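Take a look at the structure set out below.
The values are calculated or read from the model by the stated rules, or taken from the named source; none is laboratory data. No experiment lies behind these values; they were computed from the predicted model shown. FYI the Cβ positions are ideal-geometry reconstructions off the backbone, even for glycines, and counts take in every protein chain you see.
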Amino acid sequence: MSEEKKKNAIYIGKKGTMNYCLVVVTIFNKGEEECTIRARGRSISKAVDVAEISVRRFLPEIVEIADVVIGSEDLQNDDGQTKTVSTMDIVIKRK
């Protein structure tokens, strides 16, 4: 991932959905052209909520969902076992 995309990446975790929506709005209010919402595992549904709320409610005339990339990662736990976890990147761009 390029440095520009890494700067505008939002990693979805345990915070509330509206916290992440505020970050998306802030990024576009600063004049940025795109933002990537990244999530894996159980946080994927929250990432979809953040993208939809941000695009449809807060910034409907300004941005649109440009791309959705799904994949998987292999993670190792403390026991040395490998676990496959789903990942999703949602790219939001200025219209």
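Go through the stretch 49-95 residue by residue and tally those that are in a strand (DSSP E or B) and among the charged types (D, E, K, R). Residues flagged as in a strand (DSSP E or B) and among the charged types (D, E, K, R) within the stretch 49-95 amount to 8. Of the residues making up the stretch 73-93, those that are of a type outside the set (Asp, Glu) and more than 15 Å from the chain's Cα centre (by Cα) number 9.
If you check VAL55, VAL50 for being in contact with an Asp or Glu (Cβ under 8 Å, 6 or more places away or on another chain), modelled with pLDDT of 95 or more and within 21 Å of MET18 (Cα to Cα), only one passes: VAL55. Among the residues of the stretch 20-48, those identified as without any contact (Cβ under 8 Å) to a residue 40 or more places away in the chain, under 22 Å from GLU64 (Cβ atoms), in a helix (DSSP H, G or I) and out of contact with any Cys (no Cβ under 7 Å at 6 or more places or on another chain) are TYR20, CYS21, LEU22, VAL23, VAL25, THR26, ASN29, SER45, LYS46.
Looking at LYS93, is it free of Cβ contacts under 8 Å to residues at least 12 places away in the same chain and out of contact with any Phe, Trp or Tyr (no Cβ under 6 Å at 6 or more places or on another chain)?
Numbers: free of Cβ contacts under 8 Å to residues at least 12 places away in the same chain: no; out of contact with any Phe, Trp or Tyr (no Cβ under 6 Å at 6 or more places or on another chain): yes.
In short, no.
Residue check: ASP79 meets all listed conditions (1) exposed (fewer than 11 other Cβ atoms within 10 Å of the Cβ); (2) in contact with a Gly (Cβ under 6 Å, 6 or more places away or on another chain) but one, namely (2). Annotation: MET88 fulfils all but one of (1) under 20 Å from ASN8 (Cα atoms); (2) out of contact with any helix residue (DSSP H, G or I) (no Cβ under 6 Å at 6 or more places or on another chain); (3) not acidic (Asp, Glu); the unmet one is (2).
Taking the criterion of being among the charged types (D, E, K, R) and either surrounded by 11 or more Cβ atoms within 10 Å (Cβ to Cβ) or over 16 Å from GLU33 (Cα atoms) (or both), the residues of the stretch 57-71 that qualify are ARG57, GLU64, ASP67.
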